[in-house]
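The next block holds one structure in the form of structure tokens; read it before the comments.
Just so it is clear, none of the values below were taken in a lab; they were calculated from the coordinates. Keep in mind that what you see is a predicted model, and the values were worked out from it rather than measured. FYI the Cβ positions are ideal-geometry reconstructions off the backbone, even for glycines, and counts take in every protein chain you see.
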Amino acid sequence: MLRIFYNSLLVLALLPALYAQSDSSLLTNVTQAFSQAQVVPDVLPSFAPTALANITFPVSTTNQAVNVTAGALLTEPQTANEPAFSLISSSTDQVANQTFVLALVDPDAPTPQNTSLSQFLHFLGGDFRVNASTDDPTRLVNQSAALMDYFPPTPPEGSPPHRYVLVVYSQPNDFADTARSFVNASTPRNHFNLTTFATSVKLSNPMAGNFFFVGPKNSTASTTTAASATPGASTATAPAATDTTDASDGAPTTTNGGHTNTCAVVGMAGGLAIITLVMVRELCNF
């Protein structure tokens with residue numbers, strides 16, 4: 001048992017090295033997905049990530065977790081519950097003892113063709129830290145209440161899918177004081193501007209990001225395989241998505257809104273988890 005414990009620690013120690021081997025290609029894939037889906041410039045003026053952000057939705061009805069790859073098309077039921085976030089970096093110094101701000105916005109409200117309500121703020125929170133003591137050593141855990149609690153995607157009937165964009169920033173020291181001047185419980189979720197907010201509270205360039213599409217109910221789309229990044233959770237396959245579009249977001253395609261629907265499978269933590277499991281099995285002889 002002691003040998004298994006130490007071998008497990010060795011595997012965790014090797015995670016940054018394993019990540020570094022694929023760091024460049026994964027970051028390139030995410031960057032390209034942001035560009036192809038026009039997240040840049042619709043949400044961010046530019047995007048040059050230095051780490052990978054992962055989103056995992058718990059699905060209570062199936063007891064499975066849906067892990068979001070950049071550009072994945074999901075359904076409303078899959079995104080109904082507040083997700084877990086994780087941050088993967090090849091540099092321990094980049095994430096250890098650092099605090100982060102996370103924002104999730106929909107730039108397609110009420111529809112991709114009519115963005116008069118965008119951006120719609122689905123989540124905003126600070127004081128996130130990587131909690132290595134959890135089962136997932138990349139898991140982000142917030143130390144304070146969110147500035148804006150999670151609101152699930154609900155694109156209006158008839159809308160193309162909306163884009164839901166997660167952006168991760170390094171948190172400045174005075175964020176807790178300055179941010180509440182701009183966002184609090186009485187702040188409307190619509191007409192939010194992430195770039196303006198970031199400038200106002202002196203956030204630096206985003207260090208990581210991810211995004212997914214959700215369409216309104218009863219719409220059809222191709223299935224998307226989503227590998228769970230949560231240890232012990234089942235792998236989920238996203239069923240055919242209904243054409244769900246939030247009044248605030250819409251994941252458009254070339255034919256329905258002018259955006260490119262990039263179901264880019266980036267792999268991220270799923271690939272690392274597989275490599276890690278193989279190493280654990282070999283090192284621990286089970």
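Hey, what did the stretch 42-122 get for relative contact order, percent, Cα under 8 Å, at least 6 apart?
Relative contact order, the stretch 42-122: 24 percent.
Mind listing the phi-derived Karplus ³J(HN,Hα) values for the stretch 169-177, rounded to whole Hz, using 6.51, -1.76 and 1.60 with θ = phi - 60°, and x for any glycine or proline?
With coefficients 6.51, -1.76 and 1.60, one gets 10, 6, 8, x, 4, 9, 4, 4, 7 Hz.
Under 5 Å between amide hydrogens, which residues at least 5 positions from residue 73 or on another chain qualify, with H placed 1.01 Å from N in the peptide plane?
Residues meeting the amide H criterion: 213.
Give me, ordered by chain and number, the residues 5 or more places off residue 171 or on other chains with an amide H under 5 Å from its own placed amide H.
Correct list: 99, 100, 101.
Can you run phi through the Karplus equation (6.51, -1.76, 1.60; θ = phi - 60°) for the stretch 82-91 and list ³J(HN,Hα) in whole Hz, with x for Gly and Pro?
Result, rounded to whole Hz: 4, x, 9, 10, 9, 10, 10, 9, 7, 10.
Place the peptides 78-90, 180-192 in order of packing, highest mean first, counting for every residue the other Cβ atoms within 10 Å and averaging per peptide.
So the order, starting with the most tightly packed, is 78-90, 180-192.
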